[in-house]
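The values are calculated or read from the model by the stated rules, or taken from the named source; none is laboratory data. On a predicted model such as this, the values are computed, not experimentally measured, just so you know. Reconstructed Cβ throughout: ideal geometry from the backbone, glycine too, with neighbour counts over all protein chains shown.
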Amino acid sequence: MIRRGPRPVNIRLRRLLVMLPWLMERQTVSTQAMAEHFGMSVADLVADLTLASMCGVSQDPRDLIDLWVDDDEVHFGIPKYFERPLRLTVPEAFSLIASATAAQQLPGMDQSGSLSRAIAKVSQSLDLNLDDSFVVELETPESVETLSAAIRHSVVIEFDYWSVATGQSGQRRVAPLEVFLDQDHWYLRAQDLTAQAERTFRLDRLEQLVLTTENHGFVATPRSDWFAQSDEQRKVLLQVDPAWLWVLEQYPDVSIGTVPKGQVVQHADWITVEVVANTERWMQRLLVRLGANAVVVGPTGWQQLGSETAQLILRRYEPING
């Protein structure tokens with residue numbers, strides 16, 4: 001029997017941010033009805049509510065959230081500290097709005113409920129327009145400046161690079177063409193002088209960077225789509241538990257997909273997504289991370305790839321007889 005791994009704490013807390021205002025409005029509901037409303041099992045619901053019942057402004061039992069499960073019903077009492085105004089600093093209020101807005105996307109969220117009204121009130125007090133966009137500046141790795149200088153002067157560089165495909169580190173000698181940021185990772189696009197082909201390297205996997213005195217004559221061309229030069233590139237259709245979509249956030253070329261007409265799916269409430277895999281090994285690593293929270297819909301040859309990879313890992317850890 002396949003056992004599901006623990007649900008991420010951030011997902012549980014975001015869901016609680018939606019459930020508690022909903023429960024506060026109703027005071028008492030059945031566990032079955034509440035679980036169905038939020039698209040989760042009764043066991044997961046009770047576990048999350050038990051977690052919430054141990055939260056409060058202090059460890060004093062009188063300051064904990066007044067919440068308990070009795071037989072098949074959930075009961076909620078308004079804590080006393082909710083009876084007085086909550087004083088927040090501007091950073092605290094902004095953080096609260098960001099978290100609450102993200103929680104609005106979770107299943108079961110009432111777009112006109114108390115959480116939405118609270119977001120509107122706090123936003124108004126900060127004179128914040130939720131339709132506005134803002135820029136998040138990520139920390140720039142130290143190697144970016146060095147690589148940019150190498151690109152400007154057309155200098156060949158050398159470094160050690162850890163490859164996901166092989167699981168090993170090796171020395172690379174390349175002609176750097178471009179340094180760029182995609183989502184939350186920095187990359188180097190370069191002409192690999194050993195492979196005689198263009199390659200893209202993640203900067204956090206790059207070590208022992210050395211600038212040589214050798215110049216090169218390569219010129220940067222428009223950047224290709226991810227995995228466009230991979231001979232093994234394949235589009236893979238997955239069904240994923242909504243609570244585990246966060247695993248896919250770091251990967252490029254992930255989009256909402258459609259199950260082929262007439263094909264039967266195992267989980268009607270899961271999300272269908274399409275990912276681009278450059279190698280089978282890459283897909284194996286992704287399926288191991290997702291565990292029992294995702295299934296491969298297509299291609300047909302990879303539908304058992306997750307379970308086969310798990311069995312392979314287990315065999316490697318089996319005790320050696322003799």
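Details
- Criterion applied to VAL57, VAL18 was being surrounded by fewer than 14 Cβ atoms within 10 Å (Cβ to Cβ) and either at pLDDT below 80 or under 22 Å from the mean Cα position of the chain (by Cα) (or both), and the one residue passing it is VAL57.
- Some residue of the stretch 238-256 being among the β-branched types (Val, Ile, Thr) and modelled with pLDDT under 80: yes
- Some residue of the stretch 210-217 being in a strand (DSSP E or B), touching a His at 6+ places or on another chain (Cβ under 7 Å) and modelled with pLDDT of 90 or more: no
- Within the stretch 278-322, being outside any helix (DSSP H, G or I) and either surrounded by fewer than 16 Cβ atoms within 10 Å (Cβ to Cβ) or touching a helix residue (DSSP H, G or I) at 6+ places or on another chain (Cβ under 8 Å) (or both) holds for ALA294, VAL295, VAL296, PRO299, GLN303, GLN304, TYR317, GLU318, PRO319, ILE320, ASN321, GLY322.
- Cβ-Cβ under 7 Å pairs, at least 6 apart or on other chains, the stretch 36-53 side over 15 Å from ALA243 (Cα atoms), far side among the hydroxyl-bearing types (Ser, Thr, Tyr): VAL42/THR31; VAL46/THR31
- Looking across the stretch 160-209, the residues that are of a type in the set (S, T, N, Q) and either in a strand (DSSP E or B) or in contact (Cβ under 8 Å) with a residue 40 or more places away in the chain (or both) come down to SER163, GLN168, SER169, GLN171, GLN183, GLN191, THR200, GLN208.
- Test for SER169: is it among the small types (Gly, Ala, Ser), at pLDDT 80 or above, farther than 24 Å from PRO299 by Cα and not assigned by TED's automatic domain parsing to the domain that holds TRP282: yes
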